[in-house]
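Before any comments, here is the structure.
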Amino acid sequence: QVQVAESGGGSVQDGDSLTLSCTVSGSTFTRYNVAWFRQAPGKEREVVAAIKDNPRSTYILDSVEGRFFISRDNAKNTVNLQMNNLKPADTAVYYCAADRTGWGSATGQYNYWGQGTQVTVSS
């Protein structure tokens, strides 16, 4: 049974940084593509960043490029989302998703999801 768990959310001020972590367990981690999505109140869930191996590839949403960075540590079964210079518009619930074959921006591409972690950025 594959399990996905997020950690690292919280409340910060405009311009602060946070790092979110996603752990995928229950299967061979290196086989999984992992993505971070976010959903703000009243808005659709959108992909923020994604990473996969074989071959290594990453995706970053245009509006966060240069501020958000995704990385994976295969030894720890973890994908991190480093978020710098946070803005109030980044306030959302952030979800981690994983799949062996799914890739891209559609939520339906990923079969395994965490419960989400709240990120609140105050001005």
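The values are calculated or read from the model by the stated rules, or taken from the named source; none is laboratory data. As the structure is a computational prediction, the values presented were derived from the model and not from experiment. Here Cβ is always computed from backbone atoms with ideal geometry, including for glycine, and neighbour counts include all displayed protein chains. Accessible surface is based on the protein model in full, side chains and every heavy atom, while ligands, DNA and RNA are left aside. Shrake-Rupley method; radii C 1.70, N 1.55, O 1.52, S 1.80 Å.
Worth a mention:
- Only a single item in (1) within 13 Å of Thr117 (Cβ to Cβ); (2) open to solvent by less than 60 Å² (accessible area, probe 1.4 Å) is not met by Asn33, and it is number (1).
- Extreme residue, least open to solvent (accessible area, probe 1.4 Å), among residues of region 68-123 that are under 17 Å from Gly15 (Cβ atoms) and assigned to a loop (DSSP other than H, G, I, E, B): Leu86
- Any chance Ile60 is over 23 Å from Ser123 (Cα atoms), in contact with a Leu (Cβ under 6 Å, 6 or more places away or on another chain) and open to solvent by 20 Å² or more (accessible area, probe 1.4 Å): no
- Filter pass, Gly15 being open to solvent by 80 Å² or more (accessible area, probe 1.4 Å), of a type outside the set (Val, Ile, Thr), closer than 21 Å to Thr120 by Cα and not in a strand (DSSP E or B): no
- Residue satisfying all of: in region 40-56; of a type outside the set (A, V, I, L, M) and open to solvent by less than 60 Å² (accessible area, probe 1.4 Å); farthest from Asp99 (Cα to Cα) among these: Asp53
- Top-ranked residue in region 64-78 [being touching a residue at least 24 places away in the same chain (Cβ under 8 Å) and touching a helix residue (DSSP H, G or I) at 6+ places or on another chain (Cβ under 9 Å); ranked as nearest to Ser122 (Cα to Cα)]: Val64
- Answer residue from region 1-12, given it is closer than 12 Å to Tyr112 by Cα and of a type in the set (A, V, I, L, M, F, W, C) and is surrounded by the most Cβ atoms within 10 Å (Cβ to Cβ) among those: Val4
- Selected residue (only one of Thr120, Thr28, Thr58 is touching a residue at least 24 places away in the same chain (Cβ under 8 Å) and of a type in the set (Val, Ile, Thr)): Thr120
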